[in-house]
Amino acid sequence: MNSARFLVLAFALLAGRAVAAEPSATLPAAPEVVAALRRVNDWFLQRHPDPAVPLPGKNRPSNGWTRAVYYEGLMGLYGLDRDERYIRYAVRGGESHNWGLNTGPTTRHADNQCIGQTYLDLYALDPRPERIRDLQKSVAAMVADSKADDWFWADALQMAMPVFARLGVLNRDPRYFEKMYALYADTKTRQGGRGLYNSVDHLWWRDATFLPPYREPNGANCYWARGNGWVLVALTRVLEVLPVADPHRAEYLRTFQDMSAAIKALQRPDGFWDVSLKDPGNFGGKETTGTSLFVCGFASGVRQGFLRAEDYEPAIARGWNALVTDAVHPDGALGYLQGVGKQPSDSQPVTYDHIPDIEDFGVGCFLLAGVEVAKLAGAQGK
């Protein structure tokens, strides 16, 4: 333990405050990880037994991005735990929307295309054309034109990049990869006049409204944890399916590795990451979604050979063990979830006991993290 951390602990003890132990830097056994995933997922299924019911609050459709992220995690869990309930739930969700996209097949919005990741998973299990009919129409129309400024916010990369990559593989058509790169490059280097990626800090601004001169209260750039988590996971999911010969693969990989190093250095002693990566005093504290996405990205990166296990497994283990110990309730509910938003101040306060009205994407992030941790720990998955 370094001297600064020792002094913090010492003063806390003198002040009579309890100090939480730092989480273990050792990965748990795969069955232990899967058990935690089942507990959280069972809680969600009991809370939302009918996947066709719209979400509360703003009456969000159940094929929108928040439920789509949950399905991503659910399908990952099915790869480890072949419980047919998971497939029935996902299929029922798709059927309830006639396998359609939110706002219809002409949509260009990445949030509306996110459900396509699950439609593609279910198509791979049972290749019924209707399962990807509208998705194919939506993405093919974008591939066919020259417009490339649709992804104006960082989250869009996770919502849609894997869809373009997987359709390119499925259709054996490199135009999908080229269009994906054009959209990605616009987000990275042109949105807001300079792009949303800071090539010095190796982190992303969420959208152009957060570019300088916007600053956090401490004067730092505003790098929102979950926004950066979306990008990290998008890159590793794309790299998993993108052909090795793709001309842009090296750039994706370098950005993923640079981001990973920058994010790892910002992990809190308790295993979590703050919602504001460069200003711990701005709504700082434990937060589950960003932490889950970072754990997922790191673990997938190690599994695929993009990151060195000796460098990243301790951070993965600390993050996962912190999530299970501190965020998972005895009944499987998830605490420390920042609800829907775009910046550190949104959906506050983030606490152990407060469960947002729309929590499905938070469960999905947790499942995505655990699936990758379980694979690192030796679980066999697809």
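The values are calculated or read from the model by the stated rules, or taken from the named source; none is laboratory data. Every value quoted in this text rests on a predicted model; they were computed, and no experiment measured them. Cβ atoms come from the backbone with ideal geometry, glycine included; neighbour counts cover every protein chain shown. When the accessible area is computed, the model is the full protein with side chains, heavy atoms only, and any ligands, DNA or RNA have been set aside. Shrake-Rupley method; radii C 1.70, N 1.55, O 1.52, S 1.80 Å.
Reported count of residues in the stretch 204-218, each being open to solvent by 50 Å² or more (accessible area, probe 1.4 Å) and either free of Cβ contacts under 8 Å to residues at least 60 places away in the same chain or under 13 Å from G193 (Cβ atoms) (or both), is 4.
Condition check for E372 on (1) over 22 Å from D81 (Cβ atoms); (2) open to solvent by 10 Å² or more (accessible area, probe 1.4 Å): one failure, at (1). Quick one: would you say E95 is on the phi < 0 side of the Ramachandran plot, part of a helix (DSSP H, G or I) and more than 23 Å from the chain's Cα centre (by Cα)? Judged against the criteria, E95 is a match. Residues in the stretch 46-83 that are farther than 24 Å from V233 by Cα and not in a loop (DSSP other than H, G, I, E, B): 2 in all. Inside the stretch 167-205, residues that are of a type outside the set (A, V, I, L, M) and outside any loop (DSSP other than H, G, I, E, B) make up a count of 19.
Only one entry in D360, D326, D353, D274 is of a type in the set (D, E), touching a residue at least 40 places away in the same chain (Cβ under 8 Å) and over 22 Å from Q158 (Cα atoms), namely D326.
Among the residues of the stretch 350-382, the one identified as in contact with a strand residue (DSSP E or B) (Cβ under 7 Å, 6 or more places away or on another chain) and of a type in the set (F, W, Y) is F366.
Return yes when W230 is among the aromatic types (F, W, Y) and either part of a helix (DSSP H, G or I) or out of contact with any Phe, Trp or Tyr (no Cβ under 8 Å at 6 or more places or on another chain) (or both) and no when it is not. Spelling it out, W230 is indeed among the aromatic types (F, W, Y) and either part of a helix (DSSP H, G or I) or out of contact with any Phe, Trp or Tyr (no Cβ under 8 Å at 6 or more places or on another chain) (or both). The condition (being touching a helix residue (DSSP H, G or I) at 6+ places or on another chain (Cβ under 7 Å) and over 18 Å from T66 (Cβ atoms)) is satisfied by just one residue among V163, V143: V143.
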